[in-house]
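Down below is the structure, laid out as structure tokens.
The values are calculated or read from the model by the stated rules, or taken from the named source; none is laboratory data. None of these values were measured; they are calculated from a predicted model. Here Cβ is always computed from backbone atoms with ideal geometry, including for glycine, and neighbour counts include all displayed protein chains. Side chains are part of the model used for accessible areas, which takes the heavy atoms of the whole protein and leaves out ligands, DNA and RNA. Shrake-Rupley method; radii C 1.70, N 1.55, O 1.52, S 1.80 Å.
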Amino acid sequence: MVIGMTATPDPGPRTSDLLQVTDLKVTVAGLTIVDGLTLSVPAGEVHAIMGPNGSGKSTLSKALAGHPAYAIAGGGAALDGKDLLAMEPDERVHAGLFVGFQYPTEVPGVNNAEFLRMAWNARRKALGQPEATAKEFAPILAERIRQAEAPEDYAGRQLNAGLSGGQKKRNEILQMYVLEPRLAILDETDSGLDIDAIKAVARGINGFRRPDRSIVLITHFQRLLELVKPDRIHVLVKGRIVHSGGPELAERLEAEGYDRFERA
Amino acid sequence: MTGPQTPDPGPRTFTAEDYKYGFKTEVEAVSLAKGLNEGIVRQISAARNEPDFLLQFRLKAFAALSRMREPRWARLDFPPIDYQAISYYSAPKQAETHGSLDEIDPEILKTFEKLGIPLDEQKRLSGVAVDAVFDSVSVATTHQEKLFDAGVIFCSIGEAVRLYPALVERWIGSVVPAGDNWFAALNSAVFSDGSFVYIPPHVRCPLELSTYFRINNTESGQFERTLIIADRGSHVSYLEGCTAPKTSKNQLHAAVVELVAETDAEIKYSTVQNWFAGDPQTGVGGVYNFVTKRGLCRGDRAKISWTQVEAGSSITWKYPSCVLKGDDSVGEFYSVALTNGRMQADTGTKMIHIGKRTRSTIVSKGISADRSRNVYRGLVQVMKSAEGARNYTCCDSMLVGKECEAHTYPYVDVQRPDAQVEHEASTSRLSEEQLFYLQARGIGHEEAVGAIVSGFAKDVLAVLPMEFAAEARKLLQIKLENSVG
Ligand SMILES: Nc1ncnc2c1ncn2[C@@H]1O[C@H](COP(=O)(O)OP(=O)(O)OP(=O)(O)O)[C@@H](O)[C@H]1O
Ligand SMILES: [Mg+2]
């Protein structure tokens, strides 16, 4: 938390903003995809980002996570007052960021439980806490699997290799529970899930909410937003937020589409 | 080698300094004059007080060598080796027979300590008996009593010649004949030491057996010879580890390993090879590793399994093979070969099916990085007698960076219509997406590389003895850390 700035009136970032993205520009393969995007997410809130295919939603999340193919061409991003863009991808995680990816990567031959223990221990190490042995980690993982409502056999699976599209998404939620981020950006975690899975994932997300945690849901579907009530909804078109509103905006988008915003 | 000569400008360039085992121990050594001729062969034999059968074996090998030419069919580029510039015998001065560790030169003990090999029985790795070969001579074998109680013989080959000459005479050269190939003939003529193992019928060796090889003398070649005999129904697991100090000169290592498995016997032979690999930019220095390893499944239902993690040497020429003579006998080859810097590896296996219903499995994982070259070369041969023989081969290559090479040469020679021979192969790149994904879960770059590579090599690491699997995984990670941007 940035303190000592309270005396100054405006226009600086509100101290309660956990995520603060300012005029961000991201280029991919020479093209500017995110183009002057500004977004604030206060602690404790759930925000949704909706927008047409190819508008730059995944590009935003990958750039915030530090993907090397996504170059920052301008602007800034801070998590809890800390400059995200100056950090390595793993440092961003230790600072409290988690991005659930739209297409989680397969890593064949790597056991899921072993991977989760590595992730857990990397964070523990960054926090100056003792690391867990495989034996110590097993009950921790069992508990997180229960909380995340992930299928029980996930500990024994490979890291995304051999998992179906929907199973991969549920594995992302499990990872979120293991890493306990301050800010979780979930990129289309609801896409490709069956009816029961979408409810389980929604319960997982709701269960994760806390006054000191924020969640950004990137989604195409009102269905998820009925199950996880967002505080704010942002419309992302051509690399920037063109409109923001309350939860009622979802219904309007569902009815009218993005046409109106795209023409604007 | 291809590729431009410009040095890599990256700040994290691997240097020869990074080679952890690149220290040299100051020990007084007794060496013979450089050069190779019949006189030298006789001198080696005399220096070791050998019986006549061994001298004759050496002379036969030398005669064969004189009629042969060094093979150049492998995909390896290296300047001509001057065989007359090598010293063929180097022994630490005090190396006689060691009744206890107290008699060993403390400098040698310190070397093994630095290598993390505890010879001191108090600090030993539990359940592992170690024979340490320093330059060409075995300096200490641990756990003798426990092995003796089980009837297991585990000693240096020099000692075996003294104490069990009949066994050595019966089996030496029976799997790899004196004139088998250039490097085997060279070894047969000049070998100085190595390990000897005999497991009596129906005995399960109570310990993992392990030999650590160390080249210290920079002028000498290393020519050790290992002979393992598993009698009927017995079982043994054996592991060899290798390191050498870094020098600007190339060192020649030409070893021979012979395995014999009788009826119902099983031999599991594992190698973690980390000889000095030379300068990563220029390729100067490093060990030339020309090794002949072959196992004979002599009896029915015998099984021989080779597992290797090849992570060092500037040149590797090595094809651990199985001759499946007994009916229903089984041969396995599990290999991870990692090359980086300017390393070149041409390695694989031969599975020779002679007996009925013989089965073989080949799993090869090649990882090439930087400007290295990694070749898999394998032969599956099914003879007319091998009714119902089966083979499964899987060769996967992973490329790290853009200037490395990977090649696969699978040869198949099937003389029966009913043989089942399956082959799978794949080539992939160490993926930036995978690396990013693990980092995006808080895992550091180095550990992420290690996890991806271990995942790739999982099927091989899984069959290593447990005590060494973690070590091997770590070794792969350390070797690749500097090769991934
Ligand atoms: N790695 C890449 N290389 C080249 N172009 C890319 C890359 N990643 C994204 N793009 C381009 O950037 C644009 C935005 O893509 P992005 O994946 O961010 O869209 P999105 O809003 O997440 O769409 P969707 O709703 O379909 O998931 C697209 O035109 C896409 O082709
Ligand atoms: Mg997307």
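Simple spin-label estimate for A:Glu88 and A:Thr38 gives 3.4 nm between the two label positions (7 Å along the Cα-to-Cβ direction from each Cα).
Computed from label points 7 Å out along Cα-Cβ, the spacing between B:Ala462 and B:Tyr409 is 3.1 nm. As a calculated quantity, the FRET efficiency between B:Arg75 and B:Ala47 at R0 = 51 Å, using C-beta atoms, amounts to about 0.85. Among A:163-169, B:255-261, B:377-383, A:211-217, sorting by the average number of other beta carbon atoms lying within 10 angstrom of each residue, highest first, gives B:255-261, B:377-383, A:211-217, A:163-169.
Please list, by residue number, everything in segment A:79-98 whose backbone N is under 13 Å from a paramagnetic label point 7 Å out along Cα→Cβ of A:Ser16. Flagged as within label range: none. In a reduced charge model with +1 at each Lys and Arg Cβ and -1 at each Asp and Glu Cβ, segment A:17-263 shows a dipole moment near 200 debye about its Cα centre.
When you count the other C-beta atoms within 10 angstrom of each residue and take the mean per peptide, A:252-263, B:285-296, A:91-102, A:41-52 line up highest first as B:285-296, A:91-102, A:41-52, A:252-263. Residues of segment A:17-263: accessible area per residue at 1.4 Å, in Å²? Per residue, segment A:17-263 has 41 Å² of solvent-accessible surface. Report note on the peptides B:78-85, A:177-184, B:55-62: ranked by the mean count of other C-beta atoms within 10 Å, highest first, their order is A:177-184, B:55-62, B:78-85. Modelled spin-label separation between A:Lys229 and A:Asn53, with each label point placed 7 Å from Cα along the Cα-to-Cβ direction: 3.3 nm. Subtracting the Cα-Cα distance of B:Lys402 and B:Ile478 from 0.36 nm times their residue separation leaves 25.4 nm of extension gain. Taking only the alpha carbons of segment B:408-485, we obtain Rg and Dmax values of 17.1, 54 Å in that order. Taking every residue in B:221-232 and counting other chain Cβ atoms within 10 Å of its Cβ, the average works out to 0. Separation of the alpha carbons by more than 26 angstrom is noted, of A:Lys125/A:Lys199; A:Lys82/B:Lys474; B:Lys303/B:Lys479; B:Lys293/B:Lys402; B:Lys268/B:Lys474, for A:Lys125/A:Lys199; A:Lys82/B:Lys474; B:Lys303/B:Lys479; B:Lys293/B:Lys402.
Once the dipole of segment B:397-485 is set up with Lys and Arg at +1 and Asp and Glu at -1 on Cβ about the Cα centre, which of B:Ser397, B:Leu461, B:Val421 lies farthest towards its positive end? Of the candidates, B:Leu461 comes out farthest on the positive side. Residues of segment B:452-479 with the amide nitrogen closer than 11 Å to a label point 7 Å from the Cα of B:Ser426, along Cα-to-Cβ, please. From segment B:452-479, the list is B:456-457.
Per-residue ellipticity at 222 nm computed for chain A from its helices equals -10500 deg cm²/dmol, with DSSP H segments shorter than 4 residues left out and the rest contributing -39,500 (n - 2.57). Legend: translational diffusion of chain A by Stokes-Einstein, Rh = Kirkwood radius over C-alpha pairs, 20 °C, 1.002 mPa s; D = 112 µm²/s. Here the 3J(HN,Hα) profile of segment A:20-26, calculated from phi with Karplus coefficients 6.51, -1.76 and 1.60 at θ = phi - 60°, is 9, 10, 10, 6, 6, 10, 10 Hz, Gly and Pro shown as x. Shielding value for A:68-75 is 1, the average number of Cβ atoms from other chains within 10 Å of each residue's Cβ. In chain A, Cα pairs under 8 Å separated by at least six residues give a relative contact order of 25 percent. The A and B chains share an interface that buries close to 1900 Å² of accessible area, total over both sides, probe 1.4 Å.
Between A:Ser58, A:Tyr70, A:Ala126, the Cα set farthest toward the positive side of the dipole of chain A (charges on each charged residue's Cβ, about the Cα centre) is that of A:Ala126.
Set the Förster distance to 45 Å, then compute FRET efficiency between A:Asp194 and A:Arg124 from the Cβ-Cβ distance, nearest 0.05. The value I calculate is 0.85.
Surface composition of segment A:66-157: carbon plus sulfur atoms hold 51% of the accessible area, using a 1.4 angstrom probe and ignoring ligands, DNA and RNA. Counting Cβ atoms of other protein chains within 10 Å of each residue's Cβ and taking the mean over peptide A:110-122 gives 4. Annotation: the antiparallel percentage among DSSP beta bridges lying fully within segment A:17-263 is about 60.
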